Amino acid sequence: MKKPDTTEKAPACAGCPPDPPWPKYVAFITFLPWPVIVGMALYILWHTSRVMLDVWLTAFFLFFVPLRYLICAPCPYYGKNCSTIMGRLVPLMFAQRPGTPLAIGLWLDIVSFAVLSIIPLPYAWRLGGAPLTGLWLAVFATALVSLGALGCRYCPFTYCPIGRASRGLAGLMRPQQQVTPEEKNSRKQ
């Protein structure tokens, strides 16, 4: 049996550049909301529902460990700078699995992210009303926007739904270039 070549690119990423497209600082910025998210979830659920705290911690564990195995271990940028801090942490957790599809893991990542944000919502409302609920949603929105704007927008995995949405939003938000009257006239001819 042939030992897999760890320099091979996954078939779904045949067009990926050899070096990660993200600057080093992106992983730090996209990590910043996570200690706040975990701290807020622990605070909210500890004071309202210990059962839901256990559910949230289980969901967070599934998000942090098995999903990183599905997404990060087969990534062609395994062990390199990434859009998240996991690019450097996953080699401490799992061996690389080159050539394995990432798509199912990326979809499960979206579902997990939604579950993590939704579980504490009613409990935040119960504990602190609109201000605490708004703060919870703002912190999650910050995580989503920073990852989308700094990470997913530049990600070369064209089949990822988050990356597609981020690139589409970036295209909508980009100011249109000004066209000179001469260019308009030359287009009409």
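The values are calculated or read from the model by the stated rules, or taken from the named source; none is laboratory data. Model, not experiment: these values are computed from the prediction. Please note: Cβ atoms are built from the backbone with ideal geometry, for glycine as well, and neighbour counts cover all protein chains shown. We work out accessible area using only protein heavy atoms, side chains counted, and drop any ligands, DNA or RNA first. Shrake-Rupley method; radii C 1.70, N 1.55, O 1.52, S 1.80 Å.
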Query raised in the report: Hey, if we sort ILE162, ILE44 by accessible area with the 1.4 Å probe, largest down, what's the order?
Result: ILE162, ILE44
Query raised in the report: Using a probe of 1.4 angstrom, how much of the accessible area of region 24-168 is carbon and sulfur, in percent?
Result: 75
Query raised in the report: What list of ³J(HN,Hα) values in whole Hz, one per residue of region 133-144 in order, does the Karplus curve 6.51 cos²θ - 1.76 cosθ + 1.60 (θ = phi - 60°) give from phi, with Gly and Pro shown as x?
Result: 5, x, 5, 4, 5, 5, 5, 5, 4, 4, 4, 5
Query raised in the report: Among PRO23, TYR43, LEU57, whose Cα lies farthest out toward the positive end of the dipole of region 9-91, if unit charges sit on the beta carbon of Lys, Arg (+1) and Asp, Glu (-1)?
Result: PRO23
Query raised in the report: Just the accessible area per residue of region 1-148, please: how many Å² with a 1.4 Å probe?
Result: 55
Query raised in the report: Taking θ as phi - 60°, what are the ³J(HN,Hα) couplings along region 27-32 by the Karplus curve (6.51, -1.76, 1.60), each to the nearest whole Hz, with x for Gly and Pro?
Result: 4, 5, 5, 6, 7, 3
